[in-house]
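To start, the structure under review is shown below, and the notes come after it.
The values are calculated or read from the model by the stated rules, or taken from the named source; none is laboratory data. Remember, it's a predicted structure, so these values are computed and weren't measured experimentally. Because the Cβ atoms are built from the backbone with ideal geometry, glycine has one as well, and the counts that use them run over all protein chains shown.
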Amino acid sequence: MWLFGRSKAKDAPSKIKPDKLSTLATVSNILEEQFHMRPIGKLGLCLRPHSGAKKDTSPKLTEPDLEAFANNALGIGAVTSGTEFKATQDQYKYLWLVLRNDDLPDLLSAGSKIITAIKEKGHDANLVAAVIPFRSEDGKEVNWIYELDRDRFYPFVPQTEPRRDNQLEVELATKTEKDLPVEQQLERWRAVWGAPLDVI
């Protein structure tokens, strides 16, 4: 369960690049005031079971692995912050770790800690994206997608699959790009259908 191993020297600088997941909290007021959207209190972290490297001989990640990473990263903080989590797999065989916490900064902070723990175990290449859903007063769903390899966000507004609201996506990106690292290449705004966020 990855509970044991050599520890780093206390003064050794970390080589893990910090992610920017927590910056999403800086635009929550814009989303609420201008678009009447609020976070629903969940975060889905998507990973590949294998890194995808041709010569990768490491064992594939499993659901228990993800829950062990989360336990190690959050520790007692999972209880004190109110963060719950559960691992699952989607129809495309991707692994998901779904977190729940009604406090957005705490939720994003927990996600960042788990991402760091996964990177420290050498699984950078397994990380795909984080999905943070918001919902408007009229029930419209907006998923903010955080690309973990590029440290960039983009909005995904699903309608009936495979349709999406491109106009609203562009408007959301335009209103938030001053405060949020938004992906500027629109061809990278990939749809994320079927994220299993209801597992918890």
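Among the numbered criteria (1) farther than 13 Å from residue 74 by Cα; (2) in contact with a strand residue (DSSP E or B) (Cβ under 8 Å, 6 or more places away or on another chain); (3) in contact (Cβ under 8 Å) with a residue 40 or more places away in the chain; (4) surrounded by 18 or more Cβ atoms within 10 Å (Cβ to Cβ), which single criterion is violated by residue 87?
Condition (3) is where residue 87 drops out.
Report the residue count in region 132-142 for those that are surrounded by fewer than 21 Cβ atoms within 10 Å (Cβ to Cβ) and under 23 Å from residue 69 (Cβ atoms).
Looking only at that region, the number is 1.
Looking at 149, 198, which one is part of a helix (DSSP H, G or I) and under 21 Å from residue 98 (Cα atoms)?
Every option except 198 fails the conditions.
Checking the conditions here, which among 53, 129, 68, 117 is modelled with pLDDT of 95 or more and either under 22 Å from residue 24 (Cα atoms) or out of contact with any Gly (no Cβ under 6 Å at 6 or more places or on another chain) (or both)?
Going through 53, 129, 68, 117 in turn, just one is modelled with pLDDT of 95 or more and either under 22 Å from residue 24 (Cα atoms) or out of contact with any Gly (no Cβ under 6 Å at 6 or more places or on another chain) (or both): 129.
If we keep just the residues of region 168-183 that are assigned to a loop (DSSP other than H, G, I, E, B) and either basic (Lys, Arg) or in contact with an Asp or Glu (Cβ under 8 Å, 6 or more places away or on another chain) (or both), which is farthest from residue 142 (Cα to Cα)?
178
State whether one or more residues within region 112-121 are outside any helix (DSSP H, G or I) and closer than 23 Å to residue 182 by Cα.
No.
Contact list please: Cβ distance under 7 Å, first residue in region 33-55 and of a type outside the set (Asp, Glu), second residue part of a strand (DSSP E or B) and at pLDDT below 95, pairs at least six apart or on different chains.
35/136; 36/136; 37/136
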